[in-house]
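Asker: Okay, here's the structure, questions in a sec.
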Amino acid sequence: MESCNFTGGSVPYFWLVGFPSLQDHQFPLFFVFLAFYLLILSSNVTIIAAVATDPKLHKPMYFFLTNLSILDILLTTITIPQMLAMFSVNARSISSKGCFLQMYFFHGLAVTETFLLVVMSYDRYEAICHPLHYAVRMTRQKNAQLAAGAWFFALLVPIPPVVQSSQLTFRKRPRVNHCFCDHLAVVQAACQNAYTTFQSFMGFTISMTVAFGPLLLVVISYACIMVSVLQIRSKEGRRKTFSTCFSHLVVVITYYSSIALAFLSYRVEMSSDIHILSDMTFSILTPLVNPLIYTLRNRDIKRAVKQLASSKIFSTQKERLCVDQVETREI
């Protein structure tokens with residue numbers, strides 16, 4: 001048996017196990033996750049393009065939605081290409097630097113999403129609870145500061161656990177029971193001692209804090225929103241006002257439900273495959289569902305997407321017509 005004389009930074013590479021019970025089904029997994037990745041990319045890029053090209057969507061709510069779409073693209077790009085390589089050509093090894101970088105960006109971007117959801121709920125709070133002061137309070141500069149603050153502080157959160165986990169001792173060829181370098185999976189791959197137990201506890205504590213601390217702020221924002229909505233006399237007015245934040249509320253529920261499922265899976269005796277699938281739910285499901293929710297529930301987004309699609313079709317037809325005219329003249 002190999003001795004534990006390598007720190008995380010000196011390990012040549014980590015070995016990603018993937019799904020232990022599905023080793024004979026690599027190609028179906030490849031096509032499933034490739035389909036997910038293409039859907040995530042295309043749907044989020046469509047929202048970004050729709051918001052950028054439609055002046056009517058140059059509002060704080062859609063500015064933060066663009067940030068969320070960019071984040072979802074980055075979050076899945078950190079993990080899924082590595083998984084596709086593993087499923088297609090059995091590329092299971094990842095260098096130690098690559099592993100810890102992947103760990104850092106994955107958890108940093110996951111925390112950024114929780115912070116952005118708080119910022120988006122604050123935006124809805126200002127729009128509904130203080131409509132007369134909304135334009136003054138939510139200026140472009142204020143929006144940029146809120147978004148930049150969410151990205152900056154969220155990317156600071158994973159630094160301590162990632163640095164400390166890189167100091168753990170490993171065997172020469174540590175096996176990570178996951179499809180990518182998740183913090184807990186890497187800690188479990190280390191040689192077990194009191195320090196690894198502390199690392200697991202620290203990682204869990206930070207995850208709970210940065211996940212459910214922001215959730216409390218979201219709940220407070222929506223409690224204030226509900227009070228303001230209930231003060232509107234007409235039923236139609238209450239419905240229209242609440243519909244402006246319904247999509248965001250569904251995204252919050254979906255996101256935190258997937259996080260709760262991931263936390264629960266680590267506290268219940270389940271197979272490794274179920275643990276991995278549960279942990280991956282919020283990293284793949286929410287980037288896939290977010291654009292669908294906003295596209296289906298938001299009239300402005302649906303209108304902008306239709307205009308974007310029609311403009312592309314029209315431009316393509318115009319180019320073809322020009323080509324046909326040039327060819328006719330040459331003849």
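Asker: Taking the residues in the stretch 220-238 that are exposed (fewer than 12 other Cβ atoms within 10 Å of the Cβ) and farther than 22 Å from I301 by Cα as candidates, determine which candidate is nearest to the chain's Cα centre (by Cα).
Answerer: Filtering the stretch 220-238 for residues that are exposed (fewer than 12 other Cβ atoms within 10 Å of the Cβ) and farther than 22 Å from I301 by Cα, the one nearest to the chain's Cα centre (by Cα) comes out as A223.
Asker: Being loosely packed, with under 15 Cβ neighbours inside 10 Å, modelled with pLDDT of 85 or more and closer than 30 Å to V119 by Cα, is that true of even one residue in the stretch 78-87?
Answerer: yes
Asker: All but one of (1) modelled with pLDDT of 70 or more; (2) open to solvent by 60 Å² or more (accessible area, probe 1.4 Å); (3) within 25 Å of the chain's Cα centre (by Cα) hold for Q307; state the number of the condition that does not hold.
Answerer: With (1) modelled with pLDDT of 70 or more; (2) open to solvent by 60 Å² or more (accessible area, probe 1.4 Å); (3) within 25 Å of the chain's Cα centre (by Cα) applied to Q307, the lone miss is (3).
Asker: Exactly one of (1) within 27 Å of K59 (Cα to Cα); (2) open to solvent by 50 Å² or more (accessible area, probe 1.4 Å); (3) touching a helix residue (DSSP H, G or I) at 6+ places or on another chain (Cβ under 9 Å) is unmet by Q188. Its number?
Answerer: Just one mismatch for Q188, condition (1).
Asker: Any idea which of V227, V252 is hydrophobic (A, V, I, L, M, F, W, C), at pLDDT 80 or above, over 22 Å from L132 (Cα atoms) and in a helix (DSSP H, G or I)?
Answerer: Sole residue among the options that is hydrophobic (A, V, I, L, M, F, W, C), at pLDDT 80 or above, over 22 Å from L132 (Cα atoms) and in a helix (DSSP H, G or I): V252.
Asker: Quick check on the stretch 118-129. Is at least one of its residues surrounded by 20 or more Cβ atoms within 10 Å (Cβ to Cβ) and not in a helix (DSSP H, G or I)?
Answerer: No; the residues of the stretch 118-129 include none that is surrounded by 20 or more Cβ atoms within 10 Å (Cβ to Cβ) and not in a helix (DSSP H, G or I).
Asker: Let me confirm something: among T209, T241, which residue is part of a helix (DSSP H, G or I) and open to solvent by 40 Å² or more (accessible area, probe 1.4 Å)?
Answerer: Unique residue meeting the criteria: T209.
Asker: On the basis of being of a type in the set (S, T, Y), modelled with pLDDT under 80 and buried (at least 17 other Cβ atoms within 10 Å of the Cβ), does S278 make the cut?
Answerer: yes
Asker: A follow-up question, please. What pairs come out if I take residues in the stretch 61-89 that are free of Cβ contacts under 8 Å to residues at least 40 places away in the same chain and pair them with residues that are surrounded by fewer than 23 Cβ atoms within 10 Å (Cβ to Cβ) and outside any helix (DSSP H, G or I) whose C-beta lies under 8 Å away, six or more apart or interchain?
Answerer: Short answer, once both residue conditions are applied: A85/A91.
Asker: Could you check the stretch 173-192 and list, in sequence order, the residues that are over 27 Å from the mean Cα position of the chain (by Cα) and within 18 Å of A91 (Cα to Cα)?
Answerer: R173, P174
Asker: Report every pair of residues separated by at least 6 positions or lying on different chains whose Cβ atoms are under 6 Å apart, first residue within the stretch 198-225 and more than 12 Å from P158 (Cα to Cα), second exposed (fewer than 12 other Cβ atoms within 10 Å of the Cβ).
Answerer: Pairs found: none.
The values are calculated or read from the model by the stated rules, or taken from the named source; none is laboratory data. These numbers come from a predicted model, not from an experiment. When we count neighbours, we look across all protein chains shown, and the Cβ atoms used for this are built from the backbone with ideal geometry, even at glycine. Surface areas here come from the heavy atoms of the whole protein model, side chains and all, with no ligands, DNA or RNA. Shrake-Rupley method; radii C 1.70, N 1.55, O 1.52, S 1.80 Å.
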